[in-house]
Each structure stands twice: as C-alpha cells, then as structure tokens.
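Shown next, in structure tokens, is the structure this report addresses.
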Amino acid sequence: MNKPQGFASSVASYPNRGKWGDSRWRGNCSGHIIKDALGSYFDWSNPEALFVDPSEGSGTSGDVARELGVNYKGLDLHSGFNLLRDDLLESVGRPAEMIFWHPPYHSMIEYSKNVWGNGQAHPDDLSNCQSVGEFIEKSQLALMNIYDALSHQGRATYCVLIGNMRKSGEFYDLTGMLQRVAPGKLRDIIIKQQHNCVSDSRRYGGASFARIAHETLLVFERDRRILCAIDFAFQVEQRLANAQRMTWRSALKRVTRPGEKVHLQDLYARLSGYAKRVATNQNFEAKIRQVVRRFEEDFTPLGKGVYERVAA
Ligand SMILES: C[S@@+](CC[C@H](N)C(=O)[O-])C[C@H]1O[C@@H](n2cnc3c(N)ncnc32)[C@H](O)[C@@H]1O
C-alpha cells in the first residue's frame, strides 16, 4: 500500500479534479479529497483494512483505492445497493476501517432521474426527497447504517462530503443539519473550496448573499460509548431534552434581575407568552418549577414559592 500524505490543514483546494472517476458524471467529486482522507484517517498499519463507499457514483473512490493498493468495496443505488433498505455491513461482508460517503446534496442533481436512470426517479434515491426534512431524516437512517458497518478495532472512521444549498431564495445548511444527526465522535472538519461548478457561470454581482463556494468533509470516528447507531438515537433525544432545559434556564435568567426576590406566580406570568409559543410544553408551570429547583446556583429557594435570583 502507498500511504499518501493526508490533509495539510483544515482547508483543502484542488483546482484540478484529477484523473479518478468520470469527470462527465454530474456531481462527481475530486479523487484528491478521497486520497487525502485516506492519508489522514485510514489504518495503514493493517494490510487487511477495508475502505468502503456506499454511494460511489462514477467510481472515484474505487479508482483512488486501486491506485493506492487499498482493499475496497464500492456500492450504489444504480448497481442495486440501497443504503436506506439494505444492511451495509451484510452487503460488504465484513466491517470497514474507513467509509467515505458523498450523498446527493438534496435535489440539486437528481441522480436516478437525470444521471443514470431511465428518466423515472427511484423512490429511495436520496436526491428525490420532497423536502429538506425528508432528506435529513433519510440521511440519518443512511448514517446509522454506515456507523454500524464500521470496525470495532482502532479508530474506524467515516467521512461525509456535503455542500449547502440555496433554493428559491432560501439557504439550507445541509452540513449543519447532517452534523447534528450523525452518530459517532467528530474527528475533523475539512472545508473544501469548490471549483468549476455550474453556479460559477451565474452572475451574482450586487446580490445580498454570498455564492456558495465550498463543501465540507465531516469526519467521525466510532465512539466507544455508542455501541450501535440506535444507541446514538437515544443520546440525541437526551441532548434535546438537555438543550430544552438550558433554554428554560436562560429564559428564567432573562426575565429576572440578579438579587431579585420573585414568587413562582410572577415567573409564570413573565413567561406565559413564551410558553404558549413553545408548543411542546403543555405544562409550563411545572417546567418552571422543575428548572428553578434544578439550578440552585441561579435560584436560591427562600420558602413559600419565593426564590432569590443569585447575584453572579
Ligand atoms: C454525489 S453522487 C456520488 C458521486 C461520487 N462521489 C463520484 O465521484 O462519482 C451521489 C450518489 O448517491 C447515490 N444514491 C442516492 N440514493 C442512494 C441510496 N438510497 N443508496 C445508495 N446510493 C444512493 C446516487 O446514485 C449517486 O451516485
């Protein structure tokens, strides 16, 4: 195996996409980023180590892997593998040391309809989602499948190359949305400058937004505390519950002054407008009681429903 150098920094730029894959395949990526990712995250000490791409498109990953002498397995919806329905680990046959995933950027390029299909969109084609919400939900399912196909040895890693989208004047942070639902421990974030994309030829002079000119490589490694992807789903729920508690805590601090003595009834009154807008909080008074009791460092109980907002 010929180990490449890997990323020199967290910013990458490849003006020339290189010889790998098919440059005529719309939405193909540069083999340089795959080569750098392998150089940085692949287990080069293990001659059996396996590299997998579950949506290989024109085969860029395979070309890079062959050149470097890396064991490789590539799949795609166009050749019968469906990341939303088929188990990746089972389809590959053994766990992977590294997985590279370059999904469609929502509906920017419709693959089964316009790139490899017969003009009819495949129902499980990730570029055929009817909304951004549907795309993120299905992508999370795909990411769980990917996570569960990683080896339990060493620092098994998966990378997701994704770009953001502007459609009908709206900006969609697909990168941030995917990052929030991706299982594993974040290992790196690489910003890749985009060259020669279709939008380069459009005129943006005087526009009140910046032309999207980068993609992001999100790099996650297996987290030993997350046994499988389902385990992670529960952690996300927990994170959301914590975030909600923190929001109530901040809101309570926002409506009280340091040193102020305040009765629970006043707190209910001050926050009832906010609570009505937060549809998930059926019983906001109970929520307020729970939060002031939980954060004694902010609210000292004085008895009979009165609390003193700590001065710090
Ligand atoms: C951005 S392209 C990948 C391009 C590739 N990196 C290259 O350089 O040629 C996204 C790929 O995702 C595939 N895809 C879409 N939905 C899929 C699914 N459910 N399962 C597996 N692959 C899927 C598409 O067929 C397409 O080839």
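The values are calculated or read from the model by the stated rules, or taken from the named source; none is laboratory data. Here the structure is a predicted model, which is why all the values come from computation and not from measurement. Cβ: placed from backbone, ideal geometry, glycine included. Neighbour counts: every protein chain shown. These area figures cover heavy atoms from the full protein model, side chains too; ligands, DNA and RNA do not enter into them. Shrake-Rupley method; radii C 1.70, N 1.55, O 1.52, S 1.80 Å.
Structure notes:
- If you go through segment 171-183 and keep only what is part of a loop (DSSP other than H, G, I, E, B) and either among the hydroxyl-bearing types (Ser, Thr, Tyr) or within 22 Å of residue 38 (Cβ to Cβ) (or both), you end up with 182, 183.
- Within segment 295-306, the presence of a residue that is within 30 Å of residue 151 (Cα to Cα) and open to solvent by 70 Å² or more (accessible area, probe 1.4 Å) is excluded.
- Residues that are in a loop (DSSP other than H, G, I, E, B), within 12 Å of the ligand (Cβ to nearest atom) and either under 21 Å from the mean Cα position of the chain (by Cα) or over 22 Å from residue 193 (Cβ atoms) (or both) within segment 25-63 comprise 27, 28, 29, 30, 54, 55, 56, 57, 59, listed in sequence order.
- Residues considered: 66, 94, 85. Of these, the only one that is more than 20 Å from residue 162 (Cα to Cα), within 8 Å of the ligand (Cβ to nearest atom), open to solvent by 30 Å² or more (accessible area, probe 1.4 Å) and in the same structural domain as residue 188 (by TED's automatic domain parsing) is 85.
- Criterion: modelled with pLDDT of 95 or more, under 21 Å from the mean Cα position of the chain (by Cα) and farther than 27 Å from residue 190 by Cα - qualifying residue of 94, 85: 85
A quick yes/no check of all residues on (1) closer than 22 Å to residue 41 by Cα; (2) at pLDDT 95 or above; (3) not assigned by TED's automatic domain parsing to the domain that holds residue 105:
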site: 155; (1), (2), (3): yes, yes, no
site: 162; (1), (2), (3): yes, yes, no
site: 168; (1), (2), (3): no, no, no
site: 182; (1), (2), (3): yes, no, no
site: 192; (1), (2), (3): yes, yes, no
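- Meets criteria (within 23 Å of residue 194 (Cβ to Cβ), open to solvent by less than 60 Å² (accessible area, probe 1.4 Å) and assigned to a loop (DSSP other than H, G, I, E, B)) for residue 15: no
- Within segment 164-196, the residues that satisfy the criterion of being open to solvent by less than 80 Å² (accessible area, probe 1.4 Å) and of a type in the set (Ser, Thr, Tyr) are 172, 175.
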